[in-house]
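Before any comments, here is the structure.
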Amino acid sequence: MATTTRVTPLPSSVDVLVVGAGFGGLAAAHEVRRTHPELSVHVVERGSSAGGVWRDNTYPGCACDVPTSLYSLSSADEPDWRHSYGRQPELRRYLDGVAAATDAPFTFDCELTDARWDDARARWTVTTTQGTVECSVLVSATGALSTPELPDVPGLDRFTGTVFHSAHWNHDHDLTGKRVATIGTGASAIQFVPEIVDRVEHVTVFQRTPAWVVPRVDRTIGRLERALYRRLPFTHRITRGLVYLYREGYVVLMARKPALLPIATFVAKRHMRRQVRDAALRRRLTPDYSIGCKRILLSNTWFPALQHENTTLTGSLREITDRGAIDADGVEHPVDTIVFATGFTPTEPPVAHRIVGRDGRTLAQHWNHSPSAYRGVSVHGFPNLLLMYGPNTNLGHSSIVLMLEAQARYLASMLDHMRTRGIASCDVTELAEHRYRAEMDSELERSVWNSGGCSSWYIDASGRNSVMWPKFTWSYRAMMRRFDPADYAFTRDVASSERNSA
Ligand code: N01
């Protein structure tokens, strides 16, 4: 197995171009190489290495909040995880290994700036920061949580201290003895605040909305257990299967029977009661929306960190001054560092402004602030484009890797169909796209994400949930097993038809 990633200059033409070398791009490239060795594949990546969010997010304490046993590709199973919730360095190492084992060339520091579909030639012309490449099939695997959201806070430009986003942690800026403001109390903040609280002079946590937090049942996976998984891989598959089934049960609570959610609320409230003695503080930390409406957070250290002598918990951020941050009550907190842990822009992906389809409109114009895609992967008017981690494929309960693998298999099945029938382009029909979107809307209606009374990044600017997948992951995987030609319109590859009839 290769131990270094194959890096080459950008070719001028390729059969399948994959944009992005995170989990999604690697899964796609890997599957195309495995199933279609006759096709050329190339991966372009704006960063300097593979890894996606697990390369970018290096904040202290960064770890996976999905059990690691579910967090590897089934084609590249990893029996050697050290923790039941993998830490960022081991996840990054794993993805570097997958990139090296993927028999496809990569070009790094290469950002897609424009991609245009040419109907006459049935090809995409893709412009990047390292030149232009043409391809027959374009796979957009740029990630849903890859572009940090930096809110436009009044006064930010006046601030004289250091500012950064949690997804681009500034390791050159030593926080020892600093007065730090952290904005946001989501999945990232609850991981890094407990890690920095001991060494800063003070940390002021700006909380706009409290989160539901449950215990993190984490453990180190010992040498013996890892050896067992390596020697007898079926034992790892059994563990993986059991964790998988248990996590699927969450869908029942979140999407099918929200009436059962009080069970989870009980667990979260008991966790808070055990860790927070002060009833007034408990009230400030108790959400007023249903559990599960926003991502449920796992932590044993968040509540203790908020009660640390170095911490002040305050309300939302109103304004920034040259040396401080003003909260909603008008109190100014003197700080020299501001860390924005304010999330990402999943429903407004920047790449959508750069992909231009059949009628000259961008994907962003087509979506008009509410992304949707047939099966989360195909968009009408954008032939031969496949989205990885597209609209309505995010999970609140299990591993996104399960969804990405299903999408990679669908891509392989689409390529099969094209190759065996001499098809040059396939475009999902408008009817199929609308029908699928209506089905998603109806399935999501009763879910806690839509009806739980919170505002979250699952809901787009139009008020639609364009992020979550509402069913079991096995339903998605079954649906994606085979490309469904009935929902697509095709054009034929004239050269290949002539070859076949000669
Ligand atoms: O971001 P978030 P994140 N003023 O969007 C607040 C994944 N992830 O980076 O709730 C003040 O969850 C916002 O407040 P509110 C995971 O899927 C996975 O923490 O909108 N506050 C919220 O508190 C996760 O869901 C892992 O009122 C503002 C916070 O910022 C996703 O990434 C680990 C604000 C944003 O929370 C994002 O997590 C880490 C403003 N103007 C992350 N704007 C894994 O382990 C926003 N906020 C797999």
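Pairs needed: first member in the range 334-353, free of Cβ contacts under 8 Å to residues at least 12 places away in the same chain; second member anywhere, of a type in the set (Val, Ile, Thr) and more than 8 Å from the ligand (Cβ to nearest atom); C-beta distance under 7 Å; at least 6 residues apart or different chains.
His353/Thr362
Can you run down the residue pairs with Cβ atoms below 6 Å, 6 or more apart or on separate chains, where the first is in the range 381-398 and in contact (Cβ under 8 Å) with a residue 60 or more places away in the chain and farther than 14 Å from Ala115 by Cα and the partner is outside any loop (DSSP other than H, G, I, E, B) and charged (D, E, K, R)?
If the second residue must be outside any loop (DSSP other than H, G, I, E, B) and charged (D, E, K, R), the pairs left are His397/Arg247; Ser398/Arg247.
Within the range 99-152, how many residues are more than 14 Å from Val19 (Cβ to Cβ), β-branched (Val, Ile, Thr) and at pLDDT 95 or above?
Matching residues across the range 99-152 total 0.
Among the residues of the range 335-376, count how many are away from the ligand (no atom under 16 Å from the Cβ), aliphatic (A, V, I, L, M) and not in a loop (DSSP other than H, G, I, E, B).
Residues in the range 335-376 being away from the ligand (no atom under 16 Å from the Cβ), aliphatic (A, V, I, L, M) and not in a loop (DSSP other than H, G, I, E, B): 6 in total.
Need the failing condition index for Ser462 against (1) in a helix (DSSP H, G or I); (2) among the polar types (S, T, N, Q); (3) loosely packed, with under 15 Cβ neighbours inside 10 Å, just the number.
Failing condition for Ser462: (1).
Take the conditions within 20 Å of the chain's Cα centre (by Cα) and away from the ligand (no atom under 16 Å from the Cβ) and apply them to Glu134. Does it pass?
no
Quickly run through the range 433-459 and pick out the residues that are surrounded by 21 or more Cβ atoms within 10 Å (Cβ to Cβ), aliphatic (A, V, I, L, M) and within 15 Å of the ligand (Cβ to nearest atom).
Hit for the range 433-459 is Val448, nothing else.
What pairs come out if I take residues in the range 453-464 that are at negative phi and pair them with residues that are of a type in the set (Asp, Glu) and more than 9 Å from the ligand (Cβ to nearest atom) whose C-beta lies under 7 Å away, six or more apart or interchain?
Listed by first residue and then by second, the contacts come to Arg464/Asp441.
Yes or no, residue by residue, for (1) of a type outside the set (Lys, Arg); (2) touching a residue at least 40 places away in the same chain (Cβ under 8 Å); (3) surrounded by fewer than 23 Cβ atoms within 10 Å (Cβ to Cβ); (4) away from the ligand (no atom under 16 Å from the Cβ):
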{"position": "Ala101", "(1), (2), (3), (4)": "yes, yes, yes, yes"}
{"position": "Arg121", "(1), (2), (3), (4)": "no, no, yes, yes"}
{"position": "Asp152", "(1), (2), (3), (4)": "yes, no, yes, no"}
{"position": "Arg158", "(1), (2), (3), (4)": "no, yes, yes, yes"}
{"position": "His168", "(1), (2), (3), (4)": "yes, yes, yes, no"}
{"position": "His173", "(1), (2), (3), (4)": "yes, yes, yes, yes"}
{"position": "Thr176", "(1), (2), (3), (4)": "yes, no, yes, yes"}
{"position": "Phe192", "(1), (2), (3), (4)": "yes, yes, yes, no"}
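Residues that are away from the ligand (no atom under 14 Å from the Cβ) and either surrounded by fewer than 19 Cβ atoms within 10 Å (Cβ to Cβ) or modelled with pLDDT under 95 (or both): find the helices (runs of 4 or more DSSP H) completely inside the range 246-332 holding 2 or more of those.
262-275, 279-285
Answer yes or no as to whether Gln207 is at pLDDT 95 or above, surrounded by 14 or more Cβ atoms within 10 Å (Cβ to Cβ) and touching a Cys at 6+ places or on another chain (Cβ under 7 Å).
no
Is it the case that Leu138 is farther than 22 Å from Asp427 by Cβ and not aromatic (Phe, Trp, Tyr)?
In short, no.
Residue under question is His36, and the condition is that it be buried (at least 22 other Cβ atoms within 10 Å of the Cβ) and more than 16 Å from the ligand (Cβ to nearest atom); does it hold?
Taking the combined requirement at face value, the residue does not satisfy it.
Of Ala187, Ala115, which residue is within 12 Å of the ligand (Cβ to nearest atom), small (Gly, Ala, Ser) and within 24 Å of Glu348 (Cα to Cα)?
Ala187
Restricting the search to the range 137-150, which residues are within 16 Å of the ligand (Cβ to nearest atom) and not in a strand (DSSP E or B)?
Across the range 137-150, the qualifying residues are Thr142, Gly143, Ala144, Leu145, Ser146, Thr147, Glu149, Leu150.
Can you pull out every residue in the range 354-380 that is among the basic types (Lys, Arg) and either in contact with a Phe, Trp or Tyr (Cβ under 9 Å, 6 or more places away or on another chain) or in contact (Cβ under 8 Å) with a residue 24 or more places away in the chain (or both)?
Matches in the range 354-380: Arg354, Arg358, Arg375.
Report yes if Ala104 is out of contact with any helix residue (DSSP H, G or I) (no Cβ under 7 Å at 6 or more places or on another chain) and more than 30 Å from Ala189 (Cβ to Cβ), otherwise no.
No, not satisfied.
Could you give me the residue pairs with C-beta distances under 7 Å whose first residue belongs to the range 237-259 and is over 21 Å from Ser442 (Cα atoms), whose second residue is of a type in the set (Ser, Thr, Tyr) and in a helix (DSSP H, G or I) wherever it lies, and which are 6+ apart or on separate chains?
Thr239/Ser69; Arg240/Ser69; Val243/Ser69
Residues of the range 62-99 being β-branched (Val, Ile, Thr) and either without any contact (Cβ under 8 Å) to a residue 12 or more places away in the chain or within 12 Å of the ligand (Cβ to nearest atom) (or both), which ones?
Val66, Thr68
For residues that are buried (at least 19 other Cβ atoms within 10 Å of the Cβ) and β-branched (Val, Ile, Thr), scanning just the range 408-432, find the one that is farthest from the ligand (Cβ to nearest atom).
Ile423
Would you confirm whether any residue within the range 105-122 is closer than 30 Å to Asp359 by Cα, assigned to a loop (DSSP other than H, G, I, E, B) and touching an Asp or Glu at 6+ places or on another chain (Cβ under 6 Å)?
Scanning the range 105-122 turns up no residue that is closer than 30 Å to Asp359 by Cα, assigned to a loop (DSSP other than H, G, I, E, B) and touching an Asp or Glu at 6+ places or on another chain (Cβ under 6 Å).
The values are calculated or read from the model by the stated rules, or taken from the named source; none is laboratory data. If you're wondering where the values come from, they're calculated on a predicted model, not measured in any experiment. Heads up, the Cβs are rebuilt from the backbone with ideal geometry, glycines too, and the neighbour counts pull from every protein chain shown.
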